[in-house]
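Q: Below is the structure I would like to discuss, written out as structure tokens.
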Amino acid sequence: MNTAEHWLKMLLRLFGGVSALAIFAVVMPWRWMAVVHDWLSMGVLPEKPIVEYLARATSGLCAFYGGLLLVLATDVRRYGRIIRFQAAAMMLLTMVGAVFGLRAGMPAWWMLGDAVSVWVCCGAMLAAQRKLQ
């Protein structure tokens, strides 16, 4: 295994492992979500069915994505096209999400942190994948 392959596997495992932790928010008590929301200085978390559904569904999708990255890490040469697709798609989705997040009133530090972390990790995945070819 060469250096690029090693680093790509490590990136996929790291980003995938962190994303997979979102599974806890799927089953987290609502009261805990409200405490975290308030701790982040976002005010009172609205007790509306759509808010809870979207929070849990988004967490579930993040956990699924993390699991997918962990699977992709098992054979980065075989799954190269999928790795490139998901990295580019995540970078694009993060840009669009940042625009709408800021417009919706999300804190700038949150959106910047999200965008930078995704762009650094996914950009590194793309660079490592290019070196494998």
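The values are calculated or read from the model by the stated rules, or taken from the named source; none is laboratory data. Keep in mind the model is a prediction, meaning the values are calculated, not measured. Cβ sites come from the backbone with ideal geometry, for glycine too, and all protein chains shown count toward neighbours.
A quick yes/no check of all residues on (1) surrounded by 13 or more Cβ atoms within 10 Å (Cβ to Cβ); (2) touching a strand residue (DSSP E or B) at 6+ places or on another chain (Cβ under 6 Å); (3) modelled with pLDDT under 95:
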| residue | (1), (2), (3) |
| --- | --- |
| Thr3 | no, no, yes |
| Met10 | yes, no, no |
| Arg13 | yes, no, no |
| Val18 | yes, no, no |
| Val26 | yes, no, no |
| Ala57 | no, no, no |
| Tyr65 | yes, no, no |
| Leu72 | yes, no, no |
| Tyr79 | yes, no, no |
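Yes/no per residue for (1) of a type in the set (Phe, Trp, Tyr); (2) part of a helix (DSSP H, G or I):
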residue	(1), (2)
Tyr65	yes, yes
Thr74	no, no
Met106	no, no
Gly113	no, yes
Trp119	yes, yes
Gly123	no, yes
Ala127	no, yes
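Condition check ((1) in contact with a helix residue (DSSP H, G or I) (Cβ under 9 Å, 6 or more places away or on another chain); (2) in contact (Cβ under 8 Å) with a residue 12 or more places away in the chain) across all residues:
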position: Trp39; (1), (2): no, no
position: Gly43; (1), (2): yes, no
position: Arg56; (1), (2): yes, yes
position: Cys62; (1), (2): yes, yes
position: Ile82; (1), (2): yes, no
position: Ala87; (1), (2): yes, yes
position: Trp119; (1), (2): yes, yes
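Q: Does the range 43-61 contain any residue that is over 24 Å from Arg13 (Cα atoms), touching a His at 6+ places or on another chain (Cβ under 6 Å) and aliphatic (A, V, I, L, M)?
A: Within the range 43-61, one or more residues are over 24 Å from Arg13 (Cα atoms), touching a His at 6+ places or on another chain (Cβ under 6 Å) and aliphatic (A, V, I, L, M).
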